[in-house]
Amino acid sequence: MLAYTVRRLFMLIPVLVGMSIITFGIVHMIPGDPAQTIAGEKATPQRVEEIRKELGLDEPLYIQYGSYAKGLLQGDLGKSMTTKRPIGEEIGPFLAATAELVFAAMFIAVFFGVNLGILSSWRQNSWFDYSAMMIALIGVSIPVFWLGLMEQWLFAQTLDWLPSNGRLDPRIQMEPITYFYVIDTILYGDTEVLWDAVKHLILPAVALATVPMAIIARITRSSMLEVMRSDYIRTARAKGLSEFWVVYKHTLKNASIPVLTVIGLQLGTLLGGAVLTETIFSWPGVGRYLYTAIGERDYTVVQSGILIVATIFVIINLIVDLIYAWIDPRIQYGKK
Amino acid sequence: MFWGVPMGQSILDISTLELHFFTEKGVIKAIDGVDLKVGEGEIVGLVGESGCGKSVTSLAVMGLIPTPPGKIVGGSIRFSGQEITHWTNKQMRKIRGKDISMIFQEPMTSLNPLFTIGDQLVEAIRVHKKCSKKEAQSLSLAILEKVGIKRVGILKQYPHQLSGGMRQRVMIAMAMVLEPRLLIADEPTTALDVTIQAQILDLMRSLNREFGTSILLITHDLGVVAEMCDRIVVMYAGQVVEEADGRKLFKNPSHPYTQGLLKSIPKLDENQKRLYSIPGQVPHPLNMPQGCRFAPRCEYVMETCWNKKPDLYEIEQEHLSRCWLHQGKEAIENGKGDADTT
Ligand SMILES: Nc1ncnc2c1ncn2[C@@H]1O[C@H](COP(=O)(O)OP(=O)(O)OP(=O)(O)O)[C@@H](O)[C@H]1O
Ligand code: SF4
Ligand SMILES: [Mg+2]
């Protein structure tokens, strides 16, 4: 397992280098003179030269990339061109907001998806199974933005149960610690504000979780049913094991392999969906941050932002792969 | 009619078992009259074509028939004198793997790929026996050695690291570790190549001798049965059609189906132009013939055969056959065979 992990970590290096080259290329793919474009049409020639110097655009490409990569290795993501603040510092709170939303959505999707799937397979062809799978089928085909708008209309406007925007009631003042509001409010020990943060989280998280939850439920069900029919489950029963052990030891572990694969794939969808959800629910996440940066043609922010999001995505996939290998010993010995 | 089992008391006694599958398309009478006894220390062979109900019979003994759709609708299964036909799953669990064990046809898929050999063996022991993990592990190593596996670190290995023959040995070890009184082996060698087949059969025979475990050996290979078994039971389309000790059956097969089976064994010494096979096909389970189930394929078929069901009839001592040919006119007219067999 350790050897496999180390091997997989080494395989990460070329991926990361490739990604840094691509994001580096973004600034150079600006048509015409990048410095001019960044500075804007009305900028004075001095300003354009300043920007060119500032970005090192007057150096040869390999030197430019070299200093960019060196910066990255030292954790320096560059400075925002509009605010002049280090991007690493600036993006932190936004990243935390997105992470909180994605974690919440993932938790909802996995918890409800897996359990719905298990119950459905356990009660195969019952009314519970039929209605759960019907809902799952509908869930898969709902567009996130539509669901988000419907939620806002029903639970925020009509019923007034939950807030429809932001992360906290604007009247509440809080000095963030980790920028994960749920964690921060717990750290402050303020249950009232914690409840407010959770209430703000529910609608966007549910909107984001629906599609992955439906997919996870369906995969869990079919995978459980398939494993239940397999020879080794019959062997487990023939040993005299109780039904509980048969299901939770022998079946669930085997059935979790395809489920895990799907969860890994759904994370990509989730990150994409997060941008939409953040827009609908005015959630101050990375999606919003990058959206603003693009509007202001803040290319350094766009460049680093994309690199960060892509790196997170790659790391999450690596973690999923490692869990996968940890569950299934055949993978480590495979051809890879 | 009752006749003594050669070696003492029977450990397994199935009589006139009927088991149906209630499916959407209709009722499949998968087992419709199976009588089968396995004596203490005896090896009994159960043979028959694919789909005749051999596996269903053995799963019924284990209480592992999926219910629904399957259900025992008649007859009885007695294990060691106790009626177990209507035992609950909880009751069956206590004897499964401890008093009755089973090994299956597919060694490649019968072990859980995600758990080590040690884990699966230890688990089999500790479901039934109060002992520490250490003790269970040393017990596992001992039984593995008995089935011919002596390999460093075997307990830490996963099934995919073993060959098919090795895996079947592990399955046998798992089945034998608690020294059950009955071992059901459902085509244990079908998936293995010939040399490994012989080794596995040898192993089963020596375990039978050493532990006195009775064995019900299921196969469609008459050659295997001839070598191994004290007694042979032939099944056709959910029924037992003939039963005799091995010598008698091969010398004097009485049921036309058994005769056909014997004729279809390839013989090396004769210059056969074509391999014989019984004409026709097994009847569809949803559309069984009214009378004798073999009638559509039988070369001796008579009028009676089509509309009256023959019963098992003792044609000579310890030799039963389900065929009108061997029964008197009187029996045929009454439409019943030997009344006591039912
Ligand atoms: N779960 C089930 N549902 C419906 N019918 C079944 C089921 N299991 C078995 N049967 C039926 O029972 C009959 C006997 O099947 P069984 O598996 O016992 O045959 P077999 O003699 O073991 O054949 P093989 O040599 O191929 O293993 C078959 O006709 C099959 O259609
Ligand atoms: S009862 Fe009739 S059809 Fe059936 S095996 Fe005997 S002779 Fe053939
Ligand atoms: Mg079978």
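The set of residues from the stretch A:143-157 being more than 12 Å from A:Pro204 (Cα to Cα) and under 19 Å from the mean Cα position of the chain (by Cα) comprises just one member, A:Pro143. Does A:Gly25 satisfy the condition of being touching a residue at least 60 places away in the same chain (Cβ under 8 Å), open to solvent by less than 70 Å² (accessible area, probe 1.4 Å) and not acidic (Asp, Glu)? For A:Gly25, the condition - touching a residue at least 60 places away in the same chain (Cβ under 8 Å), open to solvent by less than 70 Å² (accessible area, probe 1.4 Å) and not acidic (Asp, Glu) - is not met.
Name the one entry in B:Leu155, B:Leu121, B:Leu192, B:Leu141 that is within 27 Å of B:Ile218 (Cβ to Cβ) and at pLDDT 90 or above. Result of the check over B:Leu155, B:Leu121, B:Leu192, B:Leu141: B:Leu121.
Kindly indicate whether any position in the stretch B:299-321 is open to solvent by less than 60 Å² (accessible area, probe 1.4 Å), in contact with a Pro (Cβ under 9 Å, 6 or more places away or on another chain), assigned to a loop (DSSP other than H, G, I, E, B) and modelled with pLDDT of 85 or more. No: zero hits. Taken as a whole, the stretch B:182-195 holds at least one residue that is away from ligand 3 (no atom under 16 Å from the Cβ), open to solvent by 40 Å² or more (accessible area, probe 1.4 Å) and within 18 Å of B:Ser110 (Cβ to Cβ).
Screening the candidates B:Ser163, B:Ser140 for the property of being more than 12 Å from chain A (Cβ to nearest Cβ) and free of Cβ contacts under 8 Å to residues at least 12 places away in the same chain yields one hit, B:Ser163. Only a single item in (1) under 30 Å from A:Leu322 (Cβ atoms); (2) of a type in the set (Gly, Ala, Ser); (3) open to solvent by less than 30 Å² (accessible area, probe 1.4 Å) is not met by A:Ala3, and it is number (3). Looking at this structure, is A:Ala197 in a helix (DSSP H, G or I), under 24 Å from the mean Cα position of the chain (by Cα) and not hydroxyl-bearing (Ser, Thr, Tyr)? The answer is yes for A:Ala197. Taking residues in the stretch A:133-148 that are assigned by TED's automatic domain parsing to the domain that holds A:Asn165, and partners anywhere that are open to solvent by 90 Å² or more (accessible area, probe 1.4 Å) and at pLDDT 90 or above, the pairs with Cβ atoms closer than 6 Å and at least 6 places apart or on different chains are A:Ala136/A:Arg218. Please work out which residue is nearest to B:Val282 (Cα to Cα), limiting yourself to the stretch B:220-252 and to residues that are within 15 Å of ligand 1 (Cβ to nearest atom) and part of a helix (DSSP H, G or I). For the stretch B:220-252, the residue satisfying everything is B:Leu222. Filtering the stretch A:301-314 to residues that are among the polar types (S, T, N, Q) and surrounded by fewer than 20 Cβ atoms within 10 Å (Cβ to Cβ) leaves only A:Thr311.
Pairs under 6 Å by beta carbon, first residue at the interface with chain B (Cβ under 7 Å from one of its Cβ atoms) and closer than 15 Å to B:Gly97 by Cα in the stretch A:232-256, partner part of a helix (DSSP H, G or I) and open to solvent by 10 Å² or more (accessible area, probe 1.4 Å), six or more apart or different chains? Listed pairs, sorted by first residue: A:Gly240/B:Arg93.
Evaluating B:Val152 against the criteria (1) without any contact (Cβ under 8 Å) to a residue 12 or more places away in the chain; (2) within 14 Å of chain A (Cβ to nearest Cβ); (3) β-branched (Val, Ile, Thr) leaves one unmet condition, (2). Return the pairs, sorted by first residue and then second, in which the second residue is of a type in the set (Phe, Trp, Tyr) and within 13 Å of ligand 1 (Cβ to nearest atom), the first residue lies in the stretch B:217-244 and is away from chain A (no Cβ under 14 Å) and under 22 Å from B:Leu17 (Cα atoms), the beta carbons are less than 9 Å apart, and the residues are 6+ apart or on different chains. Sorted first by the residue in the stretch B:217-244, then by its partner, the pairs are B:Glu242/B:Tyr236. Can you find even one residue in the stretch B:10-20 that is among the acidic types (Asp, Glu), assigned to a strand (DSSP E or B), more than 10 Å from ligand 1 (Cβ to nearest atom) and free of Cβ contacts under 8 Å to residues at least 40 places away in the same chain? No: the stretch B:10-20 contains no residue that is among the acidic types (Asp, Glu), assigned to a strand (DSSP E or B), more than 10 Å from ligand 1 (Cβ to nearest atom) and free of Cβ contacts under 8 Å to residues at least 40 places away in the same chain. Of the helices (runs of 4 or more DSSP H) lying entirely inside the stretch A:217-300, the ones with 3 or more residues being open to solvent by 50 Å² or more (accessible area, probe 1.4 Å) and modelled with pLDDT under 90 are found at A:252-280, A:286-295. Counting the residues of the stretch B:14-57 that are closer than 19 Å to B:Thr213 by Cβ and either surrounded by fewer than 20 Cβ atoms within 10 Å (Cβ to Cβ) or within 16 Å of ligand 2 (Cβ to nearest atom) (or both) gives 2.
Residues that are among the aromatic types (Phe, Trp, Tyr) number at least 1 in the following helices (runs of 4 or more DSSP H) confined to the stretch A:43-142: A:61-73, A:87-122, A:127-140. Among the residues making up the stretch A:315-336, those that are surrounded by 14 or more Cβ atoms within 10 Å (Cβ to Cβ) and away from chain B (no Cβ under 14 Å) are A:Ile316, A:Asn317, A:Leu318, A:Val320, A:Asp321, A:Leu322.
Against the numbered list (1) β-branched (Val, Ile, Thr); (2) at pLDDT 90 or above; (3) farther than 23 Å from B:Ser10 by Cα, B:Ile149 comes up short only at (2). Among the criteria (1) surrounded by 20 or more Cβ atoms within 10 Å (Cβ to Cβ); (2) under 19 Å from the mean Cα position of the chain (by Cα); (3) farther than 24 Å from B:Ile149 by Cβ, the one B:Ser254 does not fulfil is (2).
The values are calculated or read from the model by the stated rules, or taken from the named source; none is laboratory data. Keep in mind it's a predicted model, so treat the numbers as computed, not measured. Heads up, the Cβs are rebuilt from the backbone with ideal geometry, glycines too, and the neighbour counts pull from every protein chain shown. Ligands, DNA and RNA are stripped out before the accessible areas are found, and what is left, the full protein with its side chains, is counted by its heavy atoms. Shrake-Rupley method; radii C 1.70, N 1.55, O 1.52, S 1.80 Å.
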